[in-house]
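The values are calculated or read from the model by the stated rules, or taken from the named source; none is laboratory data. No experiment lies behind these values; they were computed from the predicted model shown. Reconstructed Cβ throughout: ideal geometry from the backbone, glycine too, with neighbour counts over all protein chains shown.
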Amino acid sequence: MAGLAALLALAGSRVGTGRLGAAAAGLALLAGIVLGELSNRHLATARGSAGVVWGASYSFYAFYNSSPLLLRLVSSLQHPGSTTTEYLRYLGTVNLFGSFADNHGSITHGLVHHPGNAVLWLLTKPFDLPATIVLPDALTPIAALPLWTVVQRLRREGLTKGLASLAPWWVAFATPLLFDLEWTQGLHAPYLLFLAPFLLLLAMWGIEPWIGRASAKAVGKVSMAALLSAALFVGLAGSRGQSTSPVVRTATEWLENRCADRGCLVNALPQPMEATGWADFQAGAPLPAKDKRAEGFVFGNYPKGYRDDVLWSNRVARAIQRGWNGPILYVRPEISSFKCWTTDFDPEHRLEGEPRLDRMPLLASFQDGTDRVDVFDFSVR
Amino acid sequence: MPPGLGGHTAIGGQPAQFAVTDARLVEVGAMSRTQLPGLTSRPGEAASSGGGVPTRFLASIPGGLALVLLFRGLYLVRFGGDPCWMNLNFLLEAKAVRFGNAVELRMPLSRIVLYLLREAGASTALSLGAIYLVAHSLLAVGIFWLGRAVLRNDPRVRAGLAIVVAGVPMFATDSGYRNIACTLGAALFVAIAALLVSPGRQRLGLRLCAAVVLGAGAASCRP
C-alpha cells in the first residue's frame, strides 16, 4: 500500500489517478493501521495482559524462518532434516545472525552485525521466487512459456518502450515484487497471491500477439482444453493437505452441542476441533496465552507460569476453586488419517499431562476407520 | 466497471503506441497485415469485433467473473469441508474474541469478518466459503480492470485472461483458500490498485472513495 502510494505520487498524472490516488492510498493505509490498532487495544484492554499475545516477534520470526532455499539446500545436505520445520529454520538463522535477544528484536541489527551472512542471504533469496512460481499449486512450470513470450515481445518492441507500456502494472506491483524477491517464505504458494495477478497479466501481455494471429478455431480448442484440464486438476489434486476428518468433524459437532449453553472445561484439543467448534471449550480455566513465535517457545524454554497453567490437573483445580460447576470433559483423540498435533505449535498437548481415565465414565465415542475420538466425563469425580 | 477502462480505447488510451507495436510485429513476421485491425481501421472498432458469442461473454466482466466463480464453486464443493491449517488460526482468533480466551493480536480484518459470520450462525465451511468467494470475486474483477489498462481491446485476449484467472492453480486450488487472510488481503489490494492505476478520470471521486474503503480493509488484513 505504501509502495503503491509512493509510486503513484512519483508517476503523477502519467498513471491512473496520479497524486490524488496516492493520497487515497496513503489515507487508506493510515486508516487501516489505526483501525487495526484500535481493535487490538480494545481487545487488550478487555483481556488484560495475560490474555493477549502482542506478537512483537512476528516480523522477526517471519524473517528468520524464511531462509533462502539455496541456503536451506546446503544446510540440509550438511545436516539432513535440519530445515524441515519452521522452528528448525529459525534456529538455523540464529546461527547466521544471532538470536532475538542478541539483536534486541531488530532484523536490521542482525544483518548489519553479520555483513557476510547478510550479503549471502540477500543474494540467494531472489531465487526463491522462481522456485515458488513453478510449484504445481502456484503457476506451474508451464508459466515459463508465456513468460518467455514476454521476453520475446520486449526484444521486438525494445526494452524501454515495452516496460514503459506496462507502467500501470509496475506502479501497482513493484512493491509486492520487491517484497517477494527479498522477504517472503519460499515454496509457500499463498504468499505469492499478491504478486500472481502481475505475473498472469504479464503472461497475457506476452501471448496476446499470438492470440491475435491464431485462428478462432485454434483459440477455441486451446481454451476448451485449458478449462477442462484446469477443472480436472482442481477436482483431482486441488488440495495438498488435510486438516480434518469425518470423526473430528462429528466429535466437534457433538462437543459444540454439549457445550452450547454455558461452555465446558475441556483439555487441550487438536486445533481442528478447538477452532471449528463455536462454543467455549475452555470455560472455568482458559489455557494461558501462547506466543508460539517468541524465541522462548522456539527454543522450548516455556515460562514456568505457562507450564503450570496448561497442566490439566491444575486447570481442573483452578476451575473448581473459582466455582465452576459446569461440564468437565476429557477428550482423547487417536487420529491417524492426518497429523492432528504438531510438536512445535501444540506444546500444551505435550505439557498438560495424562490423567488416569480407567475410572472415568466414557460419555461418547466416535470412530471411522482408524480414527477414534473418546470423550470422558470428569464432572463426576 | 470504472469509466475509461476499455470499450473505447485499444490499450489504455494509447492507440498510437498500439499501432507502432503491431507494425513491429509485422516487421518480424509475427503477424500478417490482415490480422492487424489497429492498422486497417480505428483500433477500438476493429478489435472489438472478434470472437463468437462464448468468447464475447467471457470477455465481459460478468462473463469472466461467472467463469471464475464456477471454478471456485468447484473447489468448495470438492474440498470446502476442510478448513486448512492456516485458516484454523484465524478461526481461533475469532473464537477467542467471542469467548474471552487468550488471543493473538494481529491485523484484525479476518478475525472480525469470521467472528461476525460465525456469530450470525454460519458454519466454519460457510464462513470461510463466503469470504473465499467474495475475495476471489474482487481479485478477478481487479485483474480484469488492470488487464484493460494495458492489454489490447480484443475479446479473445480478454476471454483468455478470464480463463487463466479461473483455472490457474495459484487461484483455483487450495493455494487460493488455505490462507484466507492472504486471499482477502491480495484481493483488496488488487481491487484498489485497479481503481487507482487504471486510466481515465471519470467518476474520480467515487473511485477514490472506494479505494480508501477497500484500502483500509487491505491495510488491516495481514496474514
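Looking at B:Ala102 and the list (1) within 7 Å of chain A (Cβ to nearest Cβ); (2) free of Cβ contacts under 8 Å to residues at least 60 places away in the same chain; (3) buried (at least 24 other Cβ atoms within 10 Å of the Cβ); (4) in contact with a Lys or Arg (Cβ under 8 Å, 6 or more places away or on another chain), which single condition is not satisfied? Condition (3) is where B:Ala102 drops out.
I need the full set of residues from the range A:267-314 which are of a type in the set (S, T, N, Q), part of a loop (DSSP other than H, G, I, E, B) and in contact with a helix residue (DSSP H, G or I) (Cβ under 6 Å, 6 or more places away or on another chain), in order please.
Within the range A:267-314, just A:Asn267 meets the criteria.
Across the range B:197-207, the qualifying residues are those that are in a helix (DSSP H, G or I) and surrounded by 21 or more Cβ atoms within 10 Å (Cβ to Cβ), and the one among them that is farthest from the other protein chains (Cβ to nearest Cβ) is B:Arg207.
Conditions (1) aromatic (Phe, Trp, Tyr); (2) surrounded by 19 or more Cβ atoms within 10 Å (Cβ to Cβ); (3) more than 14 Å from chain B (Cβ to nearest Cβ), marked per residue:
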position: A:Arg14; (1), (2), (3): no, no, no
position: A:Gly21; (1), (2), (3): no, yes, no
position: A:Leu38; (1), (2), (3): no, no, no
position: A:Arg41; (1), (2), (3): no, no, no
position: A:Leu70; (1), (2), (3): no, no, yes
position: A:Gln78; (1), (2), (3): no, no, yes
position: A:Asn95; (1), (2), (3): no, no, yes
position: A:Val112; (1), (2), (3): no, no, yes
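For the range B:88-104, the set of residues classified as in contact with an Asp or Glu (Cβ under 9 Å, 6 or more places away or on another chain), of a type in the set (A, V, I, L, M) and not in a helix (DSSP H, G or I) consists of B:Val103 only. Against the test of being more than 16 Å from B:Gly185 (Cα to Cα), part of a helix (DSSP H, G or I) and touching a residue at least 24 places away in the same chain (Cβ under 8 Å), the options A:Leu29, A:Leu8, A:Leu20 yield a single qualifying residue, A:Leu8.
For A:Gln282, the conditions (1) more than 11 Å from every other protein chain (Cβ to nearest Cβ); (2) without any contact (Cβ under 8 Å) to a residue 40 or more places away in the chain; (3) touching a strand residue (DSSP E or B) at 6+ places or on another chain (Cβ under 8 Å) are fulfilled apart from (1). Among the residues of the range B:109-125, those identified as assigned to a helix (DSSP H, G or I), over 19 Å from A:Val248 (Cα atoms) and not charged (D, E, K, R) are B:Leu109, B:Ser110, B:Ile112, B:Val113, B:Leu114, B:Tyr115, B:Leu116, B:Leu117.
Picking from residues in the range A:310-348 that are touching a residue at least 40 places away in the same chain (Cβ under 8 Å) and small (Gly, Ala, Ser), the one that is surrounded by the fewest Cβ atoms within 10 Å (Cβ to Cβ) is A:Ser313. Hey, can you tell me all the residues within the range A:354-380 that are in contact (Cβ under 8 Å) with a residue 24 or more places away in the chain and more than 27 Å from A:Gln242 (Cα to Cα)? Scanning the range A:354-380 gives A:Pro355, A:Leu357, A:Met360, A:Leu363, A:Asp377, A:Phe378, A:Ser379. Criterion applied to A:Leu96, A:Leu122, A:Leu91, A:Leu139 was being within 24 Å of the chain's Cα centre (by Cα) and in the same structural domain as A:Trp183 (by TED's automatic domain parsing), and the one residue passing it is A:Leu139. With respect to the conditions (1) modelled with pLDDT of 95 or more; (2) more than 19 Å from the chain's Cα centre (by Cα); (3) surrounded by 24 or more Cβ atoms within 10 Å (Cβ to Cβ), B:Arg111 falls short on a single one, namely (1). Each residue in the range A:186-227 was checked for being closer than 30 Å to A:Thr84 by Cα and surrounded by fewer than 17 Cβ atoms within 10 Å (Cβ to Cβ), and 1 of them qualify. Look through B:Ala125, B:Ala187, B:Ala194, B:Ala140 and report the one residue that is more than 7 Å from every other protein chain (Cβ to nearest Cβ), in contact with an Asp or Glu (Cβ under 9 Å, 6 or more places away or on another chain) and modelled with pLDDT of 95 or more. It is B:Ala125. Only one of the numbered conditions (1) surrounded by 16 or more Cβ atoms within 10 Å (Cβ to Cβ); (2) more than 28 Å from B:Gly80 (Cα to Cα) is violated by A:Arg258, and that is (2).
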